[in-house]
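Peer 1: Below: one structure in structure tokens.
Please treat every number below as a calculation from the coordinates, not as lab data. What you see is a predicted model, and the numbers here were worked out from it, not measured in a lab. All Cβ positions, even for glycine, are placed from backbone atoms using ideal geometry, and neighbour counts span all protein chains on display.
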């Protein structure tokens, strides 16, 4: 794949991934053929900042975890009222990283198909 396209993709989407994941994403995208490019561009990544805002506003209900696709954790937070508030507070610090990790997994799954 063209290095310029890959660099443009990374420039536009770098906030959706952890910094240490970006070199691996770049190398993987460079090794792909052009037939997978439309599928990669069509991916819808979750915004970590939005996840943080939802976590602050409705974290005790688990909505932040439902938003990123962690259904089991969302149900757990919902049933325990965010672990009596403790789990909700801890998630203020963890939810952005969890969102970026889910985005990375989504990209990996798209690349394997």
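Peer 1: State yes or no: is residue 61 under 30 Å from residue 27 (Cβ atoms), surrounded by 13 or more Cβ atoms within 10 Å (Cβ to Cβ) and over 12 Å from the mean Cα position of the chain (by Cα)? Walk me through it before giving the result.
Peer 2: Details: under 30 Å from residue 27 (Cβ atoms): no; surrounded by 13 or more Cβ atoms within 10 Å (Cβ to Cβ): yes; over 12 Å from the mean Cα position of the chain (by Cα): yes.
For residue 61, the condition - under 30 Å from residue 27 (Cβ atoms), surrounded by 13 or more Cβ atoms within 10 Å (Cβ to Cβ) and over 12 Å from the mean Cα position of the chain (by Cα) - is not met.
Peer 1: Scan region 66-85 for residues that are loosely packed, with under 13 Cβ neighbours inside 10 Å and touching a helix residue (DSSP H, G or I) at 6+ places or on another chain (Cβ under 7 Å) and jot them down. Before you say what the answer is, go through the steps one by one.
Peer 2: Going residue by residue through region 66-85, those that are loosely packed, with under 13 Cβ neighbours inside 10 Å are 71-72, 79, 84-85.
Selection gives 85 alone.
Peer 1: Among helices (runs of 4 or more DSSP H) lying entirely in region 1-65, which contain 2 or more residues that are in contact with a helix residue (DSSP H, G or I) (Cβ under 8 Å, 6 or more places away or on another chain) and closer than 15 Å to residue 96 by Cβ?
Peer 2: Numbers: elements: 3-13, 22-31, 37-41, 48-58.
Answer list for region 1-65: 48-58.
Peer 1: I'd like to check something: does region 86-95 contain any residue that is part of a helix (DSSP H, G or I), closer than 27 Å to residue 111 by Cα and in contact with a helix residue (DSSP H, G or I) (Cβ under 7 Å, 6 or more places away or on another chain)? Write out each step before concluding.
Peer 2: We begin by selecting, within region 86-95, every residue part of a helix (DSSP H, G or I); these are 86-95.
When the remaining residues are screened for being closer than 27 Å to residue 111 by Cα, the result is 94-95.
Now narrow it down to the ones that are in contact with a helix residue (DSSP H, G or I) (Cβ under 7 Å, 6 or more places away or on another chain): 95.
Yes, region 86-95 contains at least one residue that is part of a helix (DSSP H, G or I), closer than 27 Å to residue 111 by Cα and in contact with a helix residue (DSSP H, G or I) (Cβ under 7 Å, 6 or more places away or on another chain).
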